[in-house]
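Written out below as C-alpha cells is the structure these notes cover.
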Amino acid sequence: MTLKKWHKISILFLVLIASIGLIYYFNLSNRHKAIVKTRTLHFLKIIDSDWQKTKTNELLKFESPDLPVDGIYKSMEGPKAFNSFYFDQSKQDLLWMTGFKVEAKDGKTKQQRSNDFVCHMNVDYIEQEHHVRWNLLDRINSQYPRVISLSHGVESVDFPEGYGFPFFSDERFFVITQVLNHNVKDSIFLIKHDISIKYKKEKTIKPLLPKTVYMMLPFDENDPYSIEGKDLGKSCIPVETKNHTYFDKDGRALSGHWKLFKGKQSFSFDATQQLALKDTMRLHQITPHLHPFAEQFILKDITSNTIIYKCDVTNHKGKIGLTKTPTFSSKDGTLMYPNHKYEITLLTNNTTDELQDMMASMFLFFHDEEMEMKISEFYDER
C-alpha cells in the first residue's frame with residue numbers, strides 16, 4: 001500500500017469516526033450533551049477546568065471551573081463540575097459545618113451574575129468513613145450521605161446558632177455544582193460558582209443529623225410517557241426512567257423527577273418511612289429543594305393534624321425562576337415522634353404552555369443525641 005492510499009484511508013476512517021461521534025452526540029438528551037460538552041472542553045483545556053480552594057479562619061471557599069452556557073438548561077440539565085476535598089489532611093481536628101453559600105459569577109470578568117444560573121450545589125460525605133469513625137455502623141446505607149443541597153431560590157443557609165454538622169478535618173468530602181439557564185437564549189457565555197462553607201472549632205456546638213424526604217410518585221413502567229387514564233395528582237409522567245427512579249416495598253416504580261402540565265396541580269406523599277424516626281427527635285432546620293412553578297411545600301404531622309413547615313414559594317414575574325424559597329430554622333426546635341405519621345404536600349402552577357419538570361425534597365436537620373454522647377466521649381479521652 002502506498003503512502004498516499006494510506007493517508008486517504010486514514011482520513012476516511014477519521015471522518016467515519018467523527019460522523020459516528022456527531023450522530024451519537026446529537027441523539028443525546030440535553031443533560032447528557034452538557035456532560036459530554038463540558039468534559040471535552042475541560043479535558044482539552046479550552047476553558048478553565050480547575051477548582052480553586054482557599055481557607056481562612058472559619059471559612060472554606062471554592063471557585064468552580066468554567067461552566068459553559070450555550071442555550072436553555074432546565075433544572076438538572078446543565079453543565080456541572082465535581083471535586084473532592086479535605087479541610088486539612090495534616091490534622092485530625094473535630095470541626096463543625098455551620099453555613100453554606102453559592103453564588104454565580106461571569107467566567108471571564110469574574111463579576112457577579114444572577115443566581116438564576118445556579119441549579120444546585122451539593123456537599124456529600126463518605127458514609128463508611130464518617131460513620132465508622134464514630135462507630136455508628138447501623139447508620140451506613142440508612143440515608144443518602146449528603147450534608148446539604150443548596151438550589152435555585154435558596155442559595156445560602158446557616159444552621160441555628162450553636163448547632164452544626166460534626167466532621168474531622170482530614171475527612172474526605174465531595175462538592176458538586178451545576179449551572180441553570182431558564183431564560184437566556186441565543187447567547188454563549190461562561191459561568192463560575194463561588195462556594196463558601198462556614199465552619200467552627202468549638203466544644204459547645206450541638207450536632208445535627210441530616211435526613212432527607214422527597215416526593216415520589218408512581219408511574220407506569222410499561223408505558224411511562226402516556227397520560228391516558230392517569231390521575232396526574234396521584235401518579236406522574238417521569239422526565240426519564242434511568243435517573244431518580246425508585247421502588248416501594250411492593251415493587252411499584254416511583255419517580256422523583258416528573259413533568260408538570262399546564263395549570264395547577266397538587267401532590268402528596270407519605271414521608272413517614274423516609275424519616276425513619278426511631279426515637280423522639282427535635283427538628284432545628286429544613287432546607288427545601290424545589291423547581292420553578294412550585295408554589296407551596298408543606299410538611300405535616302398527620303397524627304396530630306399540625307403543620308410543621310409551610311414553605312410559600314415566590315416565583316419570578318415575567319420570566320422563569322424562583323425568587324425565594326424560605327427555609328425553616330429554630331434554635332428551640334420542633335419535636336417529631338416515631339409513632340406519628342408525616343406527609344409532604346406540594347402545590348404547583350405551571351403558567352407556561354410547555355411541559356416543565358419538578359422535584360421536591362426537604363433536607364431536615366435534627367439534634368443528634370447519639371452523636372452528642374459520642375462527641376462527649378471523644379473530648380473526655382483527649
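The values are calculated or read from the model by the stated rules, or taken from the named source; none is laboratory data. This is a predicted model, so every value here is computed, not measured. For neighbour counting, all protein chains shown are included, and Cβ atoms are generated from backbone atoms with ideal geometry for every residue, glycine included. The accessibility values were calculated without ligands, DNA or RNA, using every heavy atom of the protein model including side chains. Shrake-Rupley method; radii C 1.70, N 1.55, O 1.52, S 1.80 Å.
Kindly check whether there is at least one residue in region 237-249 that is touching a residue at least 12 places away in the same chain (Cβ under 8 Å), part of a loop (DSSP other than H, G, I, E, B) and more than 23 Å from the chain's Cα centre (by Cα). Looking through region 237-249, none of the residues is touching a residue at least 12 places away in the same chain (Cβ under 8 Å), part of a loop (DSSP other than H, G, I, E, B) and more than 23 Å from the chain's Cα centre (by Cα).
Could you grab me the full set of residues in region 285-308 that are under 24 Å from Leu209 (Cα atoms) and either free of Cβ contacts under 8 Å to residues at least 12 places away in the same chain or more than 20 Å from the chain's Cα centre (by Cα) (or both)? Steps first, please.
Step one: list which residues in region 285-308 are under 24 Å from Leu209 (Cα atoms), which gives 285-290, 297-304, 306-308.
Lys300, Asp301, Ile302, Thr303, Ser304, Thr306, Ile307, Ile308, listed by residue number.
Being in contact (Cβ under 8 Å) with a residue 60 or more places away in the chain, over 28 Å from Gly162 (Cβ atoms) and under 20 Å from the mean Cα position of the chain (by Cα) is the requirement here; does Thr323 meet it? Yes: the conditions hold for Thr323. Taking first residues from region 363-380 that are at pLDDT 95 or above and partners that are of a type outside the set (Gly, Ala, Ser) and part of a helix (DSSP H, G or I), the Cβ contacts under 8 Å between residues at least 6 apart in sequence or on separate chains come to Leu364/Leu275. Considering region 137-194, the qualifying strands (runs of 3 or more DSSP E), each wholly inside and each with 2 or more residues that are in contact with a Leu (Cβ under 7 Å, 6 or more places away or on another chain) and buried (at least 21 other Cβ atoms within 10 Å of the Cβ), run over 163-168. How many residues are in a loop (DSSP other than H, G, I, E, B) and within 23 Å of Leu322 (Cβ to Cβ) when one looks only at region 65-87? The total comes to 9. Condition (residue is touching a Leu at 6+ places or on another chain (Cβ under 8 Å), part of a strand (DSSP E or B), among the polar types (S, T, N, Q) and over 27 Å from Thr334 (Cβ atoms)) applied to region 277-294: is it met by at least one residue? No: zero hits.
Would you be able to tell me the number of residues in region 112-132 that are surrounded by fewer than 16 Cβ atoms within 10 Å (Cβ to Cβ) and of a type outside the set (A, V, I, L, M, F, W, C)? I'd like the intermediate steps shown before the answer.
First, pick out the residues of region 112-132 that are surrounded by fewer than 16 Cβ atoms within 10 Å (Cβ to Cβ): 112, 114, 126, 128-129, 132.
Filter once more, so that each one left must be of a type outside the set (A, V, I, L, M, F, W, C): 112, 114, 128-129.
Number of matching residues: 4.
Quick one: is Asp332 open to solvent by 40 Å² or more (accessible area, probe 1.4 Å), of a type in the set (Asp, Glu) and not in a strand (DSSP E or B)? It would help to see each step written out before you state the result.
On the way: open to solvent by 40 Å² or more (accessible area, probe 1.4 Å): yes; of a type in the set (Asp, Glu): yes; not in a strand (DSSP E or B): no.
No.
For region 264-287, the candidate set comprises residues that are touching a Ser or Thr at 6+ places or on another chain (Cβ under 9 Å) and open to solvent by 20 Å² or more (accessible area, probe 1.4 Å); within that set, the residue that is farthest from Phe165 (Cα to Cα) is Lys264. Could you list, in sequence order, the residues of region 26-50 that are assigned to a loop (DSSP other than H, G, I, E, B), touching a residue at least 40 places away in the same chain (Cβ under 8 Å) and either of a type outside the set (Asp, Glu) or loosely packed, with under 15 Cβ neighbours inside 10 Å (or both)? Of everything in region 26-50, those that are assigned to a loop (DSSP other than H, G, I, E, B), touching a residue at least 40 places away in the same chain (Cβ under 8 Å) and either of a type outside the set (Asp, Glu) or loosely packed, with under 15 Cβ neighbours inside 10 Å (or both) turn out to be Ser29, Ile47. Screening region 335-352 for residues that are of a type in the set (A, V, I, L, M, F, W, C) and under 19 Å from Ser75 (Cα atoms) and picking the one that is surrounded by the most Cβ atoms within 10 Å (Cβ to Cβ) gives Leu346.
Scan region 51-64 for residues that are assigned to a loop (DSSP other than H, G, I, E, B) and at pLDDT 95 or above and jot them down.
Let us first name the residues in region 51-64 that are assigned to a loop (DSSP other than H, G, I, E, B), namely 51, 57-58, 64.
Once the filter is applied, which keeps residues that are assigned to a loop (DSSP other than H, G, I, E, B) and at pLDDT 95 or above, region 51-64 yields Trp51, Ser64.
For region 288-319, a residue qualifies if it is surrounded by fewer than 22 Cβ atoms within 10 Å (Cβ to Cβ) and among the β-branched types (Val, Ile, Thr), and the qualifying residues are Ile298, Ile302, Thr303, Thr306, Ile307, Ile308, Thr314. Restricting the first member to region 337-350 and to residues that are more than 14 Å from Asp270 (Cα to Cα), and the second to residues that are among the aliphatic types (A, V, I, L, M) and in a strand (DSSP E or B), the beta-carbon pairs closer than 6 Å and six or more apart or on different chains are Thr348/Leu260; Thr348/Ala294; Asn350/Leu260. Of all residues in region 203-225, which are open to solvent by 20 Å² or more (accessible area, probe 1.4 Å), over 14 Å from Arg146 (Cα atoms) and touching a His at 6+ places or on another chain (Cβ under 8 Å)? Listed by number, the list holds a single entry, Lys206.
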